[in-house]
Amino acid sequence: MNELAAVIPFRARTGNGEDVARLIAGALPHVESEAGTTTWLVLRSEADPDLIFLIDLFTDHESRNAHMSGEAAKLIFGSVPPLLAEPPSIHPATIVTRKPAPGKGRM
């Protein structure tokens, strides 16, 4: 089975990128308890510091659905929107290929 993902770009209001990234990163303790969330990345663009990307990888649909309605999502979507220039757009995705972690085989 292919691993599933979600990519969510957050466009912060001018000058609020650092605060948005910090608030999103604050959800990490909730994500760490999710067995089906295999990778969770918060990226701040170097080209546009007010653009933050949240990238999640999941083992299956159930894990992705649980994550999207879980405590991390509640924290992020309950605290970040006032700092955004526009609503975030969630992009569910399927991983086509990726470089495997050391000791793991290719998908």
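Every number in this text was worked out from the coordinates using simple rules, so none of it is lab data. Note that this is a predicted model, so its numbers are computed, not measured. For neighbour counting, all protein chains shown are included, and Cβ atoms are generated from backbone atoms with ideal geometry for every residue, glycine included.
Taking 0.36 nm per residue of separation and subtracting the current Cα-Cα distance, fully stretching the chain between Met68 and Val96 would add 8.0 nm. With the cut-off at under 18 Å, measuring from each backbone N in the range 10-24 to a point 7 Å along the Cα-to-Cβ line of Ala85 picks out 10-22. Loop-located GluC sites (Glu not before Pro) in the range 13-107 (DSSP state other than H, G, I, E, B) with a sparse environment of at most 13 neighbouring Cβ atoms within 10 Å: Glu46. For the chain, the set of trypsin sites (Lys or Arg not before Pro) satisfying both a DSSP loop assignment and a count of at most 13 other C-beta atoms within 10 Å is given as Arg98, Lys104, Arg106. Taking the fewest neighbouring Cβ atoms within 10 Å as the starting point, the ordered list for Val80, Val7 is Val7, Val80.
About its Cα centre, the dipole of the range 4-94 is roughly 160 debye, where the only charges are +1 on Lys and Arg Cβ and -1 on Asp and Glu Cβ.
In terms of overall dimensions, the C-alpha atoms belonging to the chain reach 42, 29, 21 Å along their principal axes, ordered largest to smallest. All other residues with a Cβ under 14 Å from the Cβ of Gly70 taken together, and with Lys, Arg as +1 and Asp, Glu as -1, what is their net charge? Summing Lys/Arg as +1 and Asp/Glu as -1 gives -3.
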